[in-house]
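J.: Sending over a structure as structure tokens; questions will come in a sec.
The values are calculated or read from the model by the stated rules, or taken from the named source; none is laboratory data. Quantities reported herein were computed from a predicted structural model and do not represent experimental measurements. Ideal geometry is used to build each Cβ from the backbone, glycine not excepted, and the neighbour counts take in all protein chains shown. The protein model used for the area step is the full one, side chains on, heavy atoms only, and it has no ligands, DNA or RNA in it. Shrake-Rupley method; radii C 1.70, N 1.55, O 1.52, S 1.80 Å.
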Amino acid sequence: MPDPLDIHFIAESRFSCNSCGKCCSSNFEIPLQDTKVSLIKKSSSYKTRAKQGYEPLRVVADSFHFLGYNDKGQCHFLDQSLCALHKHEGISHKPVICQIYPYNLVQTPDGIHVSLLYSCPSVVTGRGAPLEQSRDALQQLFETSQVPVLGPVREHILVTQFSTVTWQQYLVVEQSLWKHIDLEDPVAYLLGAANSLAVPQPWQARFDRRPKSLNKLVSGPFQDFAGSVWAFLKETDDEQAIPMGKPRTDLVRKTINHFLRNQIQGKLLVIGPSMVARLVLLACALNILLYELKARGPTIDAKDLEESFAFIEERLVSQSNEVEPALLEFEEYLLEMNS
Ligand code: SF4
């Protein structure tokens, strides 16, 4: 269980739930611990729904319980945009994953780092209460429940499949990476950063200038790579190179800034498979985001941003397992280019 002071929040990060109900209508796979199953089964919310013939809890292989959904992908406990368990029985009756959504929690050598998931529309708008205000509630949750965290991140961080840095070296690299971030051209910046780290001594990497080999990368291989990932996400055989995109409005730049701050300062670069692969993943995700936004026309509003961020977060950034082999192959290409 973390000490309260070992829970780290990102400065300026804000969130308040606006009860839009999207996370309860997304067919998320939510496993339940046995104690939670008994608690829920005793609740009036459960009994009412079971009596009506619904299956609020889905049972797999006779013993594993998950939240059940209707054929529109809505949780059976969703009651006019609110969770019936939360409303009638109290927050402790909700599955822990629902209690912490939309937080990402990463266990590192210096404690738990909290960042936000961009599948939640309220996160994309960047409004709400400072995240810091949820410290006590999170600490209490750690004291009473088994909270799912990413990691643990150990003392040695994989920069590529063949090189590591210590946690302290990582923190220096992260600071420099964030200090030089280029919001006018974030895709090229992330790709250049991945390229700079794909070397035998990554702790000496510099991010204040573009690597010379970046031009070769952005003129072809990366655009093809982004195109193949896009086709995979869209489940189409129509693989086309995706041209390098740049944010065209202040709103897009500002939202990308928050998104990358969450990814980098939230320590999501170290959760695997390697820092370089993760930077390539982010470059690819942002290039797809900008491509999707461009297809929506010259004026981008908050709704366009919410939907496009939800697409890359749900399909790619939080679900990178399926593209991991391709990311590692791209990493090998970078290593070869720099050898
Ligand atoms: S998607 Fe976000 S804003 Fe909407 S109900 Fe879930 S946590 Fe609240």
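J.: Go through the range 143-166 and report how many residues are open to solvent by 30 Å² or more (accessible area, probe 1.4 Å), of a type in the set (A, V, I, L, M, F, W, C) and within 22 Å of the chain's Cα centre (by Cα).
T.: Quick first cut of the range 143-166, residues open to solvent by 30 Å² or more (accessible area, probe 1.4 Å) only: 143-146, 148-152, 154-156, 158, 161-162, 164, 166.
In the following step, the residues that additionally are of a type in the set (A, V, I, L, M, F, W, C) were identified as 149-150, 158, 162.
Among the residues that remain, those that are also within 22 Å of the chain's Cα centre (by Cα) are: 149-150, 158.
Residues flagged as open to solvent by 30 Å² or more (accessible area, probe 1.4 Å), of a type in the set (A, V, I, L, M, F, W, C) and within 22 Å of the chain's Cα centre (by Cα) within the range 143-166 amount to 3.
J.: Now a separate question. For the range 16-25, does any single residue satisfy the condition of being of a type outside the set (A, V, I, L, M, F, W, C), away from the ligand (no atom under 12 Å from the Cβ), closer than 28 Å to Q319 by Cβ and at pLDDT below 95? Lay out the reasoning, then the answer.
T.: Of the residues in the range 16-25, the ones of a type outside the set (A, V, I, L, M, F, W, C) are 16, 18-19, 21-22, 25.
Right, trim to away from the ligand (no atom under 12 Å from the Cβ) and you get none.
Checked the range 16-25: no residue is of a type outside the set (A, V, I, L, M, F, W, C), away from the ligand (no atom under 12 Å from the Cβ), closer than 28 Å to Q319 by Cβ and at pLDDT below 95.
J.: Now a separate question. Which residues, taken from the range 79-99, are crowded, with 17+ Cβ neighbours inside 10 Å and without any contact (Cβ under 8 Å) to a residue 60 or more places away in the chain?
T.: Those that are crowded, with 17+ Cβ neighbours inside 10 Å and without any contact (Cβ under 8 Å) to a residue 60 or more places away in the chain: D79, C83, A84, L85, H86, E89, H93, K94, Q99.
J.: Now for a different question. I'd like the full set of residues that are away from the ligand (no atom under 16 Å from the Cβ) and among the charged types (D, E, K, R), limited to the range 115-157.
T.: Within the range 115-157, E132, R135, D136, E143, R154, E155 qualify.
J.: Take the residues in the range 299-323 that are in a loop (DSSP other than H, G, I, E, B) and free of Cβ contacts under 8 Å to residues at least 24 places away in the same chain; name whichever of them is nearest to N104 (Cα to Cα).
T.: Our first condition is that a residue be in a loop (DSSP other than H, G, I, E, B); within the range 299-323, this holds for 299-301, 318-319.
Narrowing further to those that are free of Cβ contacts under 8 Å to residues at least 24 places away in the same chain: 299, 301, 319.
Details: T299: 31, D301: 26, Q319: 13 Å.
My answer is Q319.
J.: Does A326 meet the test of being touching a Ser or Thr at 6+ places or on another chain (Cβ under 6 Å), part of a helix (DSSP H, G or I) and modelled with pLDDT of 95 or more? Even if it seems obvious, please write down each step before you answer.
T.: Details: touching a Ser or Thr at 6+ places or on another chain (Cβ under 6 Å): no; part of a helix (DSSP H, G or I): yes; modelled with pLDDT of 95 or more: yes.
No.
J.: Restricting attention to the range 108-138, which residues are surrounded by 18 or more Cβ atoms within 10 Å (Cβ to Cβ) and in contact with a strand residue (DSSP E or B) (Cβ under 7 Å, 6 or more places away or on another chain)?
T.: I112, H113, V114, S115, L116, L117, S122, V123, L131, L138
J.: Also, I was wondering about something else. Six or more apart or on different chains, Cβ under 7 Å: which pairs go from a residue in the range 44-55 that's within 15 Å of K87 (Cβ to Cβ) to one that's acidic (D, E) and open to solvent by 40 Å² or more (accessible area, probe 1.4 Å)? Could you list them?
T.: Here the result reads S45/E89, each pair linking the range 44-55 to a residue that is acidic (D, E) and open to solvent by 40 Å² or more (accessible area, probe 1.4 Å).
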